[in-house]
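Values in this text are rule-based calculations from the coordinates and carry no lab data. Everything quoted here is computed from the prediction, not taken from an experiment. Backbone-built Cβ (ideal geometry, glycine too); neighbour counts: all protein chains shown.
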Ligand SMILES: Nc1ncnc2c1ncn2[C@@H]1O[C@H](COP(=O)(O)OP(=O)(O)OP(=O)(O)O)[C@@H](O)[C@H]1O
Ligand code: SF4
Ligand SMILES: [Mg+2]
């Protein structure tokens, strides 16, 4: 297959991953499921954001795409499946930028040598052409040629991350995975790196899976966004509509955690620690944090049952789980306020419930 003709750069289909904990002296070995039937597609040249709180499985999905961990399901990059392609072929087409640039760089290797390394490893070019491409890449990531013969310790955190981005692009990959690539940087430096991603993306042909716990950052950069909760994609869509009209209660919670967006949102009353999966083993993972939850959600009933169910009495008493307590209640779309733009609770509830039980394929 000619990879350059494939418009779906990343196809993840029904991917599940489990970590096996071998247990200790007094505990049995157990298996923990981290990814739960994840499906998403990233198209050529698309900037795709994956967002969710810490521990939900974002990096695990990134590692699965990079072929670093085993998984069930199917992952194809530019039409190629891990199983059917050589490691060399695969790694040249999928590259990654991680959170900590210092640990990604060899402290004894000069910046130019770091940039040349992927070409050398794949037997591409001559010594002179590799050096030339490294210098061009330095320019692309906003560093001049004087950085070429310096060591990582001579650079700031933001400059090192620019080098990591350059190294990721040396083989002209179809897909770049950026996992919390701005999280370790100061806000202003992180913003510069986001702008750099945008600038480079305009000049080069690649798609990106941008992983972050910060919905604001993902919204700023990405064309489409998927929201992950406990290893499941609960909602995905184009960035504008997901950010301005979030449909799933968890997406709303993420937005409510951004103070300037939803300071008074009811959802912000729920802390991230309020969840305990064990309490509703058969029910929805989001039960303890969801203002929409009903008794029916404890046992994951049929869709109609849930739509007709009464709100949980405890939450009703607290003004939550009812129309009055819903984050979209009383907000007039004509008023043009920020956040969810609908007063019609029922259709919104229906839509998000459809997604609760029928994860986006
Ligand atoms: N090698 C491993 N063995 C066992 N459990 C693991 C392993 N790696 C990750 N986990 C668990 O899998 C879950 C998901 O981890 P992951 O690193 O993918 O989360 P994340 O969404 O990237 O979080 P963060 O935003 O903090 O980076 C966590 O509960 C983590 O403890
Ligand atoms: S199933 Fe939907 S409404 Fe029920 S608790 Fe889960 S997210 Fe909330
Ligand atoms: Mg992570």
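Quick one: if the Förster radius is 25 Å, what FRET efficiency do residue 72 and residue 299 give, using the C-beta to C-beta distance and rounding to 0.05?
Taking R0 as 25 Å, the efficiency between residue 72 and residue 299 is 0.45.
Order 72-80, 184-192 from most to least packed using the mean count of other Cβ atoms within 10 Å.
The densest-packed peptide leads the list: 72-80, 184-192.
Take residue 100 and residue 156, extend 7 Å from each Cα along the Cα→Cβ direction, and tell me the distance between the two endpoints in nm.
Computed distance between label sites residue 100 and residue 156 equals 2.2 nm.
Taking neighbour counts of Cβ atoms within 10 Å as a proxy for exposure, in what order, fewest first, do 126, 114 appear?
Listing 126, 114 from fewest to most nearby Cβ atoms yields 126, 114.
Give me 28, 58, 113 ranked fewest to most by other Cβ atoms within 10 Å of their Cβ, as a rough exposure proxy.
Going from sparsest to densest Cβ surroundings: 28, 113, 58.
Kirkwood Rh over alpha-carbon pairs of segment 1-153, then Stokes-Einstein at 4 °C and 1.567 mPa s: what D in µm² s⁻¹, rounded to an integer?
Value of D from the Cα-based Kirkwood radius: 71 µm²/s.
Kindly list the residues of segment 216-256 that lie in the label zone of residue 191, defined by a backbone N under 18 Å from the point 7 Å along the Cα-to-C-beta vector.
The answer is 216-222.
Evaluate the distance, in nm, between pseudo-label points positioned 7 Å from the Cα of residue 26 and of residue 205 along their respective Cα→Cβ axes.
If labels sit at residue 26 and residue 205, their model points lie 6.2 nm apart.
Give me the percent of Cα-Cα pairs in segment 103-248 that sit more than 26 Å apart, rounded to a whole number.
Everything past 26 Å amounts to 30 percent.
Sticking with the crude label model, points 7 Å out along Cα→Cβ, report the distance from residue 124 to residue 37 in nm, one decimal please.
3.9 nm
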